[in-house]
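Throughout, read-outs are computed from the coordinates displayed, never taken from laboratory work. Everything numeric in this text was worked out from a predicted model, so none of it was measured. Quick reminder, even Gly has a Cβ in these numbers, built from the backbone with ideal geometry, and neighbours come from all protein chains shown.
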Amino acid sequence: MTAAGYTRLEEELRRLKTEERPSVIKAIEEARAHGDLSENAEYHAAKERQAWIEGRLEEIEGKVSRAEVIDPSKLSGDTVMFGATVTVVDEDTNEESTYQIVGTEEADIKQGLLSVAAPLARALIAKSVGESVDVQTPKGPRSYEILSLKYE
């Protein structure tokens, strides 16, 4: 994953531990004070939230402990690989798009962060500027030409 993705995971981990977890514990205590727990919707909702928080903490801690942080600015080359920022043009619509190929946890297509596991990213890996790739998308097959490639 990129350093930015790693930082976002660490920030979420910190927020869950220092804000969310204490908040849900307080909500459980308050709900318990209302008496009968078998019919207490607030208590059950707080317990569900607590279970989600604990599960997410475990998931993030596992990812952080296994993460290999890659700094794209230290990479170079003329073929697409993880961390590359690639500008492509849809050969049918002439619409240009720019994506950075990132880890699955940090992907956000609206911000131009394309998961390395996405069909387009898999098609682009090991290709060079000027090459075309064919990708099966939910809207059907598409062809893209690589216009530029940089590591930043």
The long-range amide H neighbours of Glu91, using H built 1.01 Å from N in the peptide plane and a cut-off of under 5 Å, are Ser143, Tyr144, Glu145
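So, with +1 on the Cβ of K and R and -1 on the Cβ of D and E, and no other charges, what is the size of the charge dipole of the range 72-150 about its Cα centre, to the nearest 20 debye?
Here the range 72-150 has a charge dipole of around 240 debye.
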For Lys127, the lysines lying under 24 Å Cα to Cα, once residues fewer than eight places off in the same chain are dropped, come out as Lys74, Lys110, Lys139, Lys150
With +1 on the Cβ of every Lys and Arg and -1 on the Cβ of every Asp and Glu, the dipole magnitude of the chain about its Cα centre, in debye rounded to the nearest 20, is 280 debye
Given the candidates Met81, Pro22, Ile101, the one whose Cα lies deepest towards the positive end of the charge dipole of the chain, counting +1 at each Lys or Arg C-beta and -1 at each Asp or Glu C-beta, is Pro22
Taking every other residue with Cβ under 14 Å from the Cβ of Val129 and scoring Lys and Arg +1, Asp and Glu -1, one gets -2
Surrounding charge for Gln100, neighbours by C-beta under 11 angstrom, Lys/Arg +1, Asp/Glu -1, total -2
Scoring only Lys, Arg, Asp and Glu (+1, +1, -1, -1) among other residues with Cβ under 14 Å from the Cβ of Glu152 yields +1
